[in-house]
Amino acid sequence: MIAALIAVSGVFPAVPALADTKVGVDAWSRGDYAKAIKEWQAAAAKGDADAMFNLGQAYKLGKGVPLDLDKAEGLFGRAAAMGHLQAADNFGLLLFQRGERARALPYIIAAADRGEPRAQYLLGIAHFNGDLVTKDWPRAYALLSLARQQGLAQAGPALKQMDEFIPIEQRQQGVALAAQLQSQSDATRARQMAAVDLGSQVPGPPAGQTSGPTTGGVESARPQAPVVVTPRPAVTAPKPPVPRPAPAPVATGKWRVQLGAYGQMSNADGMWNRVKGRPELAGHPRLNVKAGAVTKLQAGGFASQAAAQAACSKLKAAGFECAAVAG
């Protein structure tokens, strides 16, 4: 089912940005939305994908033109058919949010594969619920973790909800999978952007669709406005599965992650409150190890040195100092 949805066919050439598009970007940056719209309309009429994307953004944000998600969707679809990656991402998100989920799914998958956090969130929810895709709780947890790491606000509450139902071993699998997916998305994004810079061709739209992601537009010709998708309707939170899984046992391995040594217990408490909700420490109990006048703050229960080091690497990437130590 899913393999058929993500099949691709045909190729489309990259389209260079026109001068009108860059003039429009400069006007947009100055707040002259009317001039920006005029320039982009002219460039879009000449077939410039970046201008179509920029116009779509304007209609989606309601700046310089009335807010009109249908027009935004149409412009994103046209630009996506010409190879604009960001337009393809937005096209899929708008399709999904107005209920055409099956049609949107190939775009959501492609965007998530490039590391787009909103797409990672939607695909993670789908894998949690088994909606259009297979129910896969480790992958759902991995995708939501990646979206949260990129600052997507709704990913945090969704992860907390998942914590209530996903067993600890599957959450740990999700943490490990998140690292693999991050590496894969970095490589995919770099490869596709390199193809854009070289003007080469990549696979075209999903089979049976009239438009789809290929190459991207010119980055300098895109408006410096936030990409905001207006919900229509709002995305539903994960559905609680029935029956509820029994709580998993606390991890009891001999290796630990040390988070610092503190003379004041209040400082240790503060650090633990900052890190205890992170997925790499899920199920690992807090340990206070006295060493003279200081207390070593540790998270215990790691099965091996490699597991403790992997968790520590994740923590360091998030800005926390730590070390893997034996119990």
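The values are calculated or read from the model by the stated rules, or taken from the named source; none is laboratory data. As the structure is a prediction and not an experimental result, all values here were calculated from the model. FYI the Cβ positions are ideal-geometry reconstructions off the backbone, even for glycines, and counts take in every protein chain you see.
Things worth noting here:
- Complete set of residues in the range 44-76 that are small (Gly, Ala, Ser) and more than 14 Å from Ala87 (Cβ to Cβ): Ala45, Gly62, Gly64
- Which listed residue, of Ala49, Ala102, Ala42, Ala72, is among the aliphatic types (A, V, I, L, M) and under 23 Å from Leu132 (Cα atoms): Ala102
- Criterion (assigned to a helix (DSSP H, G or I) and buried (at least 23 other Cβ atoms within 10 Å of the Cβ)) met by exactly one of Ala34, Ala142: Ala142
- Within the range 164-192, residues that are closer than 14 Å to Arg278 by Cα and aliphatic (A, V, I, L, M) sit with their Cβ atoms under 7 Å from residues that are surrounded by 14 or more Cβ atoms within 10 Å (Cβ to Cβ) and at pLDDT 90 or above, at 6+ positions apart or across chains, in these pairs: Val175/Ser145; Ala178/Ala142; Ala178/Ser145; Ala178/Leu146.
- For the range 142-159, a residue qualifies if it is more than 18 Å from Gln182 (Cα to Cα) and in contact (Cβ under 8 Å) with a residue 40 or more places away in the chain, and the qualifying residues are Gln154, Pro157, Ala158.
Listed here are the residues, each with its yes/no results for (1) outside any loop (DSSP other than H, G, I, E, B); (2) within 30 Å of Ala44 (Cα to Cα).
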{"position": "Asp89", "(1), (2)": "yes, yes"}
{"position": "Leu93", "(1), (2)": "yes, yes"}
{"position": "Arg103", "(1), (2)": "yes, yes"}
{"position": "Pro106", "(1), (2)": "yes, yes"}
{"position": "Ala119", "(1), (2)": "yes, yes"}
{"position": "Leu123", "(1), (2)": "yes, no"}
{"position": "Leu132", "(1), (2)": "no, no"}
{"position": "Pro138", "(1), (2)": "yes, no"}
{"position": "Leu146", "(1), (2)": "yes, no"}
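- From Gly74, Gly92, Gly99, Gly83, residue being of a type in the set (Gly, Ala, Ser), surrounded by fewer than 23 Cβ atoms within 10 Å (Cβ to Cβ) and either touching a Pro at 6+ places or on another chain (Cβ under 9 Å) or touching a residue at least 60 places away in the same chain (Cβ under 8 Å) (or both): Gly99
Okay, residues lined up against (1) surrounded by fewer than 23 Cβ atoms within 10 Å (Cβ to Cβ); (2) out of contact with any helix residue (DSSP H, G or I) (no Cβ under 7 Å at 6 or more places or on another chain); (3) modelled with pLDDT under 90:
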residue	(1), (2), (3)
Gln150	yes, no, no
Gly156	yes, no, no
Ala179	yes, yes, no
Gly199	yes, yes, yes
Val202	yes, no, yes
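- Scan of the range 42-58 for residues that are farther than 16 Å from Gly92 by Cα and in a helix (DSSP H, G or I), ordered by number: Ala42, Ala43, Ala44, Ala45, Ala49, Asp50, Ala51, Asn54, Leu55, Ala58
- Selection within the range 288-317 - aliphatic (A, V, I, L, M) and crowded, with 17+ Cβ neighbours inside 10 Å: Leu297, Ala299, Ala307, Ala308, Ala310, Ala311, Leu315
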